[in-house]
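The numbers here are math on the coordinates, done by the rules we state, and not lab data. In this text the structure is predicted, and so the values were computed from the model without any measurement. Here the Cβ positions follow ideal geometry from the backbone for every residue, glycine too, while neighbour counts run over all protein chains shown.
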Amino acid sequence: MTYLIDNYIPKYTKLFRSSKLKEKKEVLNKILESCILCPRQCKVNRKKGEIGYCKSGNLAKVSSFNPHFGEEDCLVGRGGSGTIFFTNCNLGCVFCQNYDISHLGKGSEVSYEELASYMLSLQELGCININLVTPTHFIPQIVEALIIATHKGLNLPLVYNSSGYENVQILKILEGIIDIYMPDAKYFHQEISKKYSNAKDYPEVMKNSLKEMHRQTGDLIFNDCGEAQRGLLIRHLVLPHNLAGTKELVSFIVNEVSPNTYINVMAQYRPMFKASQYELINRLITIEEFEKAKNYALDKALILV
């Protein structure tokens with residue numbers, strides 16, 4: 001584990017002081033007029049109410065916000081992770097455990113000021129970061145709110161908690177804004193990602209996204225309390241019958257991202273939402289399936305959280 005000696009200053013505060021955060025906001029807001037925020041490239045005018053694959057309009061839509069103590073220990077720390085759960089999603093996972101939020105649209109539209117107030121409230125409650133859950137389709141709105149919140153004193157690390165299905169062009173705009181990237185690495189094989197998440201290009205897109213995220217923030221770095229401050233943390237959900245391609249994904253991460261990558265190999269797969277309609281994923285994973293996946297990551301020297 002690598003530690004920072006000095007107090008960490010979130011990256012976005014430096015952009016805020018130089019006015020570059022405002023410049024990035026303006027670029028992102030313009031993209032909403034022909035939306036290419038994610039790889040779907042719908043090119044709808046969300047400012048005029050046009051709706052693309054993610055079913056989202058001009059305002060951010062939030063399901064809930066609260067201190068979360070069920071995240072990885074390094075994100076929870078002493079005060080919890082300040083999670084903001086955004087509604088809708090740019091993927092289409094048939095086994096989604098949060099399908100009421102991601103597929104059914106549970107949540108309410110919020111103004112920039114309201115979203116900023118959520119961030120500040122979480123900071124006041126003692127959270128150690130602001131954890132943006134499924135943020136991809138609301139990046140412009142988040143940055144707009146971030147400017148308001150930073151002006152009022154927000155100074156917590158920003159966590160980008162996503163599916164890994166990202167437009168690298170947009171990720172490059174986010175450079176200097178995000179402190180911790182926490183993407184999923186869901187699948188290695190195109191036919192599997194097409195069948196279960198309606199995204200044949202997911203494996204290639206995800207791999208390019210991980211490399212860009214690591215380029216921006218590097219390996220995970222902690223403070224002297226073991227709380228993550230900056231870097232890349234990958235989540236990988238083990239699926240029945242090794243459908244996620246754990247071995248290939250781990251090898252890719254070690255060889256093309258970083259051998260010092262922190263990864264959470266997760267065992268909590270449940271056959272939720274429409275999983276019962278798909279024979280191979282209509283069951284829990286076995287202990288043997290999970291242990292095999294975890295041990296392969298350990299054998300490759302990845303660091304488990």
Applying the selection to region 221-271, what residues are more than 15 Å from Tyr296 (Cα to Cα), of a type outside the set (Asp, Glu) and loosely packed, with under 15 Cβ neighbours inside 10 Å? Cys225, Gly226, His241, Gln268, Arg270
Please go through region 130-155 and pick out each residue that is among the aliphatic types (A, V, I, L, M), closer than 23 Å to Asn198 by Cβ and in a helix (DSSP H, G or I). Ile139
The condition from (1) among the hydroxyl-bearing types (Ser, Thr, Tyr); (2) more than 30 Å from Asp224 (Cα to Cα); (3) not in a strand (DSSP E or B) that Tyr8 misses is numbered (2)
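Picking from Glu26, Glu109, which residue would you name as being surrounded by fewer than 16 Cβ atoms within 10 Å (Cβ to Cβ) and in contact with a strand residue (DSSP E or B) (Cβ under 6 Å, 6 or more places away or on another chain)?
Every option except Glu109 fails the conditions.
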Show me the strands (runs of 3 or more DSSP E) found entirely inside region 156-249 where at least 2 residues are over 14 Å from the mean Cα position of the chain (by Cα). 228-237
Name the residue, out of Thr83, Thr13, Thr87, that is polar (S, T, N, Q) and in contact with a Gly (Cβ under 7 Å, 6 or more places away or on another chain). Thr87
Among residues of region 51-86 being among the small types (Gly, Ala, Ser) and closer than 22 Å to Ala267 by Cβ, the residue surrounded by the most Cβ atoms within 10 Å (Cβ to Cβ) is Ser81
Do you know which of the residues in region 29-49 that are surrounded by fewer than 20 Cβ atoms within 10 Å (Cβ to Cβ) and touching a helix residue (DSSP H, G or I) at 6+ places or on another chain (Cβ under 6 Å) is nearest to Lys172 (Cα to Cα)? Asn29
Condition (residue is under 16 Å from Asn90 (Cβ atoms) and free of Cβ contacts under 8 Å to residues at least 12 places away in the same chain) applied to region 180-198: is it met by at least one residue? yes
Cross-chain or 6+ apart pairs with Cβ under 7 Å, region 57-80 first and over 14 Å from Gly105 (Cβ atoms), then of a type in the set (Lys, Arg): Asn58/Arg46; Asn58/Lys47
